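Trainee: Okay, here's the structure, questions in a sec.
Derivation of every value follows stated rules applied to the coordinates shown; laboratory data play no part. Note that the coordinates shown come from a computational prediction; the quantities given were computed from them, not determined experimentally. We place every Cβ from the backbone using ideal geometry, glycine too, and count neighbours over all the protein chains shown.
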Amino acid sequence: MDVETFVLFRGGKRVTMNGSDMTVDKICRIFQVTGNSLYITDDMNTAIFPDPSGNFTTLSLQHRGHYEVHGDSEQVQSPPIHASATSRSNFPPRQFQRSVHIAEIVNDKLTAARTVVIRFLESDATVERMTVKVKEALGCVEEITLTDSQGNEIVDSEGTRSSSYWKQNSRKIYAIFEDDFVEFQNGRRQKTRRRSEETGILQEVLGKIDELKQATETLQNATEAINLLSDLAKVKSTTARQAEQLHLVMDAFCCHVCKSLMSKPMFSTCCQSLLGCQTCVEHWLLNTNYCLKCRAEDFEFKVHEVKGLSAVLAFLKEVHTE
């Protein structure tokens, strides 16, 4: 069983404590407050006081919850310090801000309908507190779920309990209303069931795509692998579920920037993937130098144009427009 832990903070100071350490003596020592004035408050601003023995009972606390420490500061004798150091200690806690996209489900995909910008402190850097911040910014009481750009729910973990995770605006975060999120997940499961009915053919398609990736890794001409893929796709086009069967093939050649069928595809050696159109990738490199898919650095030295794809791209474009 995990040891119960609680996050205590006061001003800019933030400490994680075990349940056995939640005593008046230890908390006063850490936060320099007097014992007879000590109490803590939870996220709902409810005051919690220690019992007569000088302990905070963990039965009234939430595992991994955040609690603010209150009390009169102790008069600590300290050597003289410069005025500049005093002014720095009086600075308020550092604030961060980030954008959160409010998503709608369009054609089984997330689409940003609007965006809110929220400000938060280090003590707010958790999934629960950030969810509350978004609801406050929207002025709503409906339940929402925070997800990444693929619609995967962001769950509470060690990695999400720090401002370093939330302050990166390059990491897109979406907020989805609960009913929409359930509908989105159900749609994913239905697609998975439909695709499982044709696993034999789809595995063959994925095998050909894997051959294509191996060929493009060394930037050799991929015409033979592409022709095999094209022939297979043509056979598949006669089936009743053409669009569903070709879905994975279309995704393999979908630009990660403009979301359209690639034009002059570019391949990255860092994540062994086709990334997008030459124009889109070059525009991406104007603003940053890390891979748009795996975030590896020195991206400009790891991306190359793939030759020999014109045949399959022309075919896929034709199928897509039919």
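Trainee: Could you identify the single residue in 310, 263 that is under 25 Å from residue 207 (Cα atoms) and touching a strand residue (DSSP E or B) at 6+ places or on another chain (Cβ under 8 Å)?
Mentor: Matching residue, one of 310, 263: 263.
Trainee: Determine which member of the set 58, 46, 5 is touching a strand residue (DSSP E or B) at 6+ places or on another chain (Cβ under 6 Å) and of a type in the set (Ser, Thr, Tyr).
Mentor: 5
Trainee: So, in the range 151-163, exactly how many residues are out of contact with any helix residue (DSSP H, G or I) (no Cβ under 8 Å at 6 or more places or on another chain) and without any contact (Cβ under 8 Å) to a residue 12 or more places away in the chain?
Mentor: Qualifying residue count for the region: 3.
Trainee: For residue 15, are the conditions met, namely being part of a loop (DSSP other than H, G, I, E, B) and surrounded by fewer than 16 Cβ atoms within 10 Å (Cβ to Cβ)?
Mentor: Values: part of a loop (DSSP other than H, G, I, E, B): no; surrounded by fewer than 16 Cβ atoms within 10 Å (Cβ to Cβ): yes.
No; evaluated as a whole, the condition is false for this residue.
Trainee: Output yes when any residue across the range 19-42 is closer than 18 Å to residue 126 by Cα, touching a residue at least 60 places away in the same chain (Cβ under 8 Å) and either in a helix (DSSP H, G or I) or not β-branched (Val, Ile, Thr) (or both), and no when none is. Before you say what the answer is, go through the steps one by one.
Mentor: Our first condition is that a residue be closer than 18 Å to residue 126 by Cα; within the range 19-42, this holds for 41-42.
Applying the additional criterion that residues be touching a residue at least 60 places away in the same chain (Cβ under 8 Å) yields none.
Scanning the range 19-42 turns up no residue that is closer than 18 Å to residue 126 by Cα, touching a residue at least 60 places away in the same chain (Cβ under 8 Å) and either in a helix (DSSP H, G or I) or not β-branched (Val, Ile, Thr) (or both).
Trainee: Within the set of pairs 6+ apart or on separate chains, which have a first residue in the range 304-319 that is on the phi > 0 side of the Ramachandran plot, a second that is outside any helix (DSSP H, G or I), and C-beta atoms under 8 Å apart?
Mentor: 308/221; 308/222
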